[in-house]
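The values are calculated or read from the model by the stated rules, or taken from the named source; none is laboratory data. Please read these numbers as outputs of a predicted model, since none were measured by experiment. All Cβ positions, glycine included, derive from the backbone under ideal geometry; neighbour counts span all protein chains shown.
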Amino acid sequence: MKVLDLCCGQGHIFEGWFDSLAGYESQRERGLVSCPVCQDLRIERRPSAPRLNLRVQSQAATPAARPEAPHAPAAATGGSPSAQVVAQWLESACRELLARTEDVGERFPEEARAIHRGDAPERGIRGQASAEEREALREEGIEVLAVPLPEGWDRPKH
């Protein structure tokens, strides 16, 4: 995963996460990378320090060097939210999704059709469906959203 510091033509600075540098370049060239503030497509990389995720902090680090609280939200700082804030939001959204939907597993396409026809009670469901199955559901007027969950999130925590 590459985390890049980016800047648009209007001077807005933000962070972008990409599989690789080549992935960033490819997306930028195809017009898929835009400023989250003004949607400007003129995006350039800015110099940035490497990000090191170490399991154990150095004993030499002083208490002042360790942050006491997460970074302020983007609106307060004028920049992008920190990775920690994004991760917390993503975890919360995934847990909410799991709590409010029924797992129908591989029966997802059939169950979605049954709900759409009124043959099954209306409720939020989740499960597995191939890209082709999802497209077929959309063509039938059934709204479908693919949400990949991290491995093991579909099982309850003990």
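Residues that are in a loop (DSSP other than H, G, I, E, B), modelled with pLDDT under 85 and either within 21 Å of the chain's Cα centre (by Cα) or not hydroxyl-bearing (Ser, Thr, Tyr) (or both): does the range 37-48 have at least one?
yes
So which residues in the range 107-135 are charged (D, E, K, R) and more than 19 Å from residue 153 (Cβ to Cβ)? Break it down stepwise before answering.
The first filter runs over the range 107-135 and keeps only residues charged (D, E, K, R), leaving 107, 110-111, 113, 117, 119, 122-123, 126, 132-135.
If the condition is that a residue be charged (D, E, K, R) and more than 19 Å from residue 153 (Cβ to Cβ), then 107, 110, 111, 113, 117, 119, 122, 123, 132, 133, 134, 135 are the ones that fit.
Within the range 110-147, restricting attention to residues that are in a loop (DSSP other than H, G, I, E, B) and of a type in the set (Val, Ile, Thr), which residue is nearest to residue 90 (Cα to Cα)? Steps first, please.
First, pick out the residues of the range 110-147 that are in a loop (DSSP other than H, G, I, E, B): 118-124, 128-130, 140-147.
Still in the list and also of a type in the set (Val, Ile, Thr): 142, 144, 147.
Working: 142: 25, 144: 19, 147: 11 Å.
Per the stated criteria, the residue is 147.
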Exercise. Are there any pairs, at least 6 apart or on different chains, whose C-beta atoms fall under 8 Å, with the first in the range 127-156 and closer than 26 Å to residue 117 by Cα and in contact (Cβ under 8 Å) with a residue 12 or more places away in the chain and the second among the β-branched types (Val, Ile, Thr) and surrounded by 10 or more Cβ atoms within 10 Å (Cβ to Cβ), and if so, which?
Worked result: 127/104; 129/144; 134/144; 137/144
Exercise. What number of residues within the range 68-109 satisfy the criterion of being surrounded by 14 or more Cβ atoms within 10 Å (Cβ to Cβ) and either modelled with pLDDT of 90 or more or outside any helix (DSSP H, G or I) (or both)?
Worked result: 10
